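Please read the structure below before turning to the comments.
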Amino acid sequence: MADLLTIKNLRIEATAYPPGEAPRQLVLVDDVFVSVQKGRVLGLIGESGAGKSTIGLAALSYGRGGVRLTGGQVLLNGRDIRTTGAAGLRALRGREVTYVAQSAAAAFNPAKRLMAQVIETSLLHKLMTREQAEARAVELFTKLGLPDPETFGRRYPHQVSGGQLQRAMTAMALCPKPDLVIFDEPTTALDVTTQIDVLAAIKEAIRDTGVAAIYITHDLAVVAQVADDILVLRHGKAVEYGATDQIISAPSQDYTQALVSVRRIDHAEKTAATPILRAQAITARYRGTSFDVLQDVTVDVAAGQTLAIVGESGSGKSTLARVITGLLPARSGQITFDGRTLSPDLAARSKDDLRQVQMIYQMADTAMNPRQTVGTIIGRPLEFYFGLKGDAKRARVQDLLDQIEMGAGYENRYPAELSGGQKQRVCIARALAAKPKLILCDEVTSALDPLVADGILKLLLTLQAQEGVAYVFITHDLATVKAIADKIAVMYRGKVVRYGQKSDVLSPPFDDYTDLLLSSVPEMKTGWLEGVIKTRKMASAGN
Amino acid sequence: MHPLIKLVVQRIALGLLLLLAVSVVIFLGVEMLPGDTAQAILGQSATPEALANLRESLGLNQSAATRYFTWLGHAVQGDLGKALTNQQDISHAIGQRLGNTLFLALCAGVIAVPLAIALGLIAARYNGRWPDKLISGVTLATISLPEFVAAYFVIFLLTQVIPILQPVSMVFPGMGFLEKLHAVALPVIVLVMVVLAHMMRMTRAAILNVMQSAYIETAELKGLSPMQVIWRHALPNAVAPIISVVVINLAYLVVGVVVVEVVFSYNALGQYLVDHVAKRDLPVVQAVGIIFAAVYIGLNILADLIGIIANPRLRHPK
Amino acid sequence: MRIPLSALMGMVLTGAFVLAAVFAPWIAPYPIDAAVGKVWEGPSSQYWLGTDTIGRDILSRLIYGGSVTIFVALVSSLLSFGMGAFFGFLAATRGGWMDTGLSRLVDLMMAVPSLIVALVVLSVLPLNLTVLILVMGVLDSTRVFRLSRAVAADIAVMDYVEAAKLRGERQGWIIFREILPNAMSPLVAEFGMRFIFAVLFISTLSFLGLGIQPPLSDWGGMVRENKDGLVYGKAAALMPALAIAVLAISVNLVADWILQRTSSLKGGRGG
């Protein structure tokens, strides 16, 4: 059978314009081969910068910004679309190939009703009458599990939730009955529990309509659920290309093996001990609101141990961190640290109290002042808390850099000159510089690629063993929790719904929400998704 | 009540409040500054008795609050008092001149608005290419010119180098419409130049901003042609910012008018204001100042209201 | 670093204007107030730009007038900038009632065009340099306030500022070491814009006869003195007008370039 899409020797380039420097040519994708047959799903997987979205858009012969397709062939239904003119491209875009973007919230026009946008392509290419198109849209809304499918299309994008928008975007892509749909990280921006439902809906829609698809993601476990074949990419080059079963059960390349074994850090739970931090009956709300984001939350963590706080966006887990640091004084409840009560307000805490509790942020990019060097960033707490100056300070900064496994030569660099993982390491060093007894880690690995995130988790565990520092580890990702926690608190809508030692929290019987959360972590095996959807006790929390 | 109506009512109420506050500041703030109206009228050589008499007759001995409320009460009924210098009725003097000012501003607006939008669209369509660079360069130059400088360049060009117009714009009651148009041609050209630049640059920015949205990419990937993308997807979202750009720039006209009227000896509100500032005729300055402020505030509220009404999130709440 | 031609031209011209203003008494070929020639003579080798309405050398008056214009504009824009940036940063970092109070006050001041406010105020105050500079500086500080408050508020919510607060840093460190270095480029560009605005503003006031008073004279005043000549085809009024335009455009070119560099720093998506 002839391939629907064959991409040969693809080369994609872009021009970078660094401020104040001469423009530079970048090769984003080099010598990549892709083929998709009718009714099959190809998964494209790789870290950020691997070129996977760029390749996906190449199937529409579309370059984002200044991106250009400079070499190779893109054969769609037997003809090379790189040599098709603008009119020819317009005729195939939306008719033969459609696209589902990562953020449906941004990809829908805010000024138009959903129905008009969903059927626009079908009408534009004169594929069906308005009545036929609307009927098909309603049918797709139903298939994708959208509420009130008959009237759903009358709403504006801002009137529906993120998960629903992502389903609507899938409907928009399927409506004109294309041959091929490009899904570009369609579930990445969603909450964990919502992601699984949307993923299942997309998979079902693909199966029922018999359309071919390219599914782009950074999460191998996700792509294993939907794809027939997988292409692993790194730095714009193909690493491994094969059937899904082969890739996840018998990867031949080192990089693929690393991706498959990611999130399998072993960590033996420590036994319960006297707490160093105890947050008791905390209730808090933001100024100007009349709703308690935290209700009667009680948790503690022992010296040298890790308390993981798990929950989705809106569960109040980050708010708890703000209350512990004193950025958001609690309305009631108290925080005891190392045997003494901490003032609820940051401004009233002593310098030593501040030193003892440090914080690491999710986005290392915004957590460091872009105008300060690594030396200044790490050196400031040394100077501020311990009065270190000159050579003593410099020597200690280098010690810390060694501890975070970065070594010499970084002191005078600016954050912009570091990779994502290195930035987060510098933030860890800044926290360590204060010699704290407790570090709050707010989603510190969720913005990182899986392999890099693994490195950070290992580093945190090593540092805990060396320094005896306790962590309060805030995350939405249960795999991370399993890797690092001694104790776990599961939060849902401002309350702690399950709390205890790791082994207890992660053993049945489960409450409904914990079950939902646990069942939402994709496993690296095919067929897992169908099993989970059947056995879930509760629908996704956010939707 | 629909939240949209609530917002609109709130915004209008806020505007009225602002106008009231401005009137207080213009009336009372001026009184708190060092300086004395009576002294200003009679000059440095006035005798203390003469000063006292004048203060008495002007009501300057009453408390500031009393005078403000008296003034406000009269102003609401259309009575703005009498000019100190010639005892003329201010409302009467303003009436004629306001019409002339509005005529001038209207003519400039009618030409500048469509021209600015068209040029803004062209510059945005050819972003970074020569039409954009040309338009942006020329408008950068015009923005850098104060109104009177632009005016004299235009005067020199159109009355001396190519003598087709008169350097003075006289309008008087009973003049025909076409005659009037001919008379205001030069000041209108100058005002258009000044307003056009700002309006065009802001229009260009508003369109470019919309064109960078992800939904424009979605539209392109649906196979729409560039014109269809602009008409169906960019414009519905760009209309609101463009209209508010237009209205905000009409407010700039208010300032431009003052200077341009002086340059062309055009007998209207701005000229009247500047004359009486020089004569230190406080009641006139206050009255005209508040009228200008009211127009300016009114236009700004209008821009806000358009922004509110055009926002689908507010029109169709969850 | 590559400087575009337009910005380079702007810098050279701005520099030339400032130098001429500073060294006016040594550069100007004739004294400021001496009627050395006939009325409204055209440009000649003796009077490069011709003579004015009472026979004074225009070039000399332009050089002296430039020092007045640039001095007044510079001092008032420094004043507006200092006040606006100080209160803007204060409002952004303190928040609460101070922010609300200052912002409402600025809203009130900006509800009326500056020229109108200036005219109302100048109708009571004595017309001298100090008053002019103060009025212009205070009125224009509202714009600087809005910009610096917005820039500082954007930066103040960044995690690194929060990290500094959590460390226990004082307000001074947070403003000068964390916020200011990141706010510099837009503020420098804004200073250029404020300076231009001040040049235009003082010129406009002088042109209306409500700015610099005789015996001092600035470019706006010179346009006013010579404007009647235009009707007879005498271009004398255009010389100071041209000077205003060239200075404003030069500074604008530099400010525009700085602003563009700032926005490109934010960068697109990573490659």
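Taken together, the values in this text are just the output of simple stated rules run on the coordinates, not laboratory data. Only a predicted model underlies this, so the values are computations on that prediction, with no experimental measurement involved. Neighbour counts run over all protein chains shown; Cβ positions are idealised from the backbone, glycine included.
Observations
- Lysines with Cα under 19 Å of C:Lys227, excluding same-chain neighbours fewer than 8 positions away: C:Lys38
- 19 Å Cα-Cα threshold exceeded, pairs from A:Lys482/A:Lys502; A:Lys203/A:Lys534; A:Lys38/A:Lys177; A:Lys8/B:Lys222; A:Lys143/A:Lys177; A:Lys8/A:Lys52: A:Lys8/B:Lys222
- Placed amide H near A:Val41: partners under 5 Å, 5+ positions off or other chain: A:Ala213, A:Asp228, A:Asp229
- Bridging of B:Lys82 to lysines at a Cα separation below 30 Å is possible for B:Lys180, B:Lys279, once same-chain residues fewer than 8 apart are set aside.
- Near-label residues of segment A:260-283 by backbone N, under 18 Å of a point 7 Å along Cα→Cβ of A:Thr336: A:272-283
- Pairwise FRET efficiency - B:Gln96 versus B:Gln166, Cβ, R0 = 25 Å, nearest 0.05: 0.70
- Rounded to whole numbers, the Karplus 3J(HN,Hα) couplings from phi for segment C:216-231 are 5, 8, 10, 4, x, x, 5, 4, 4, 4, 9, 5, 5, x, 4, 4 Hz, using 6.51 cos²θ - 1.76 cosθ + 1.60 with θ = phi - 60°, and x at Gly and Pro.
- Relative contact order for segment A:351-418, counting Cα pairs under 8 Å that sit 6 or more residues apart, in percent: 41 percent
- FRET efficiency for the B:Ala141 to C:Arg104 pair, using the beta carbon distance and R₀ = 41 Å, is estimated at 0.65.
- A:Arg130-C:Leu129 pseudo-label distance in nm [points 7 Å out on the Cα-to-Cβ vector]: 7.3 nm
- Acute angle (nearest 10 degrees) that the helix B:185-211 long axis makes with the longest principal axis of chain B, alpha-carbon atoms: 40 degrees
- Phi angles of segment C:98-105 translate, via the Karplus equation with coefficients 6.51, -1.76, 1.60 and θ = phi - 60°, into HN-Hα couplings of 5, 4, 4, x, 5, 5, 5, 4 Hz per residue; Gly and Pro are given as x.
- 5 angstrom amide H check on A:Arg498, placed H, neighbours 5+ away: A:Val490
- The calculated FRET efficiency for the pair C:Arg94 and A:Thr462, based on their C-beta separation and a Förster distance of 35 Å, comes to about 0.25.
- Mean separation of Cα pairs under 8 Å and 6 or more residues apart, divided by the residue count, gives chain C a relative contact order of 24 percent.
- Local charge for A:Gly339 was computed over the other residues whose Cβ lies under 13 Å away, with Lys and Arg +1 and Asp and Glu -1, and equals 0.
- Summed side-chain charge close to C:Ser44 - residues other than C:Ser44 whose Cβ falls under 13 Å, Lys, Arg +1, Asp, Glu -1: -1
- Spin-label zone in segment A:236-253 - amide nitrogen under 16 Å from a point set 7 Å from the Cα of A:Asp31 along the C-beta vector: A:236-241
- Listed by chain and number, the lysines placed with their C-alpha closer than 30 angstrom to that of C:Lys165 are A:Lys317, A:Lys351, A:Lys389, A:Lys393, A:Lys423, A:Lys435, A:Lys437, A:Lys458, A:Lys487, A:Lys495, C:Lys266; residues fewer than eight positions away on the same chain are left out.
- Across chain A, C-alpha contacts under 8 Å between residues 6 or more apart give a mean separation that, scaled by the residue count, equals a relative contact order of 16 percent.
- 3J(HN,Hα) along segment C:193-209: 5, 5, 5, 4, 4, 5, 4, 5, 5, 5, 5, 4, 4, 5, 4, 6, x Hz, from the Karplus curve 6.51 cos²θ - 1.76 cosθ + 1.60 with θ = phi - 60°, whole Hz, x for Gly and Pro.
- Approximating the spin labels as points 7 Å out from Cα along Cα→Cβ, the C:Gln260-to-B:Arg55 distance works out to 6.0 nm.
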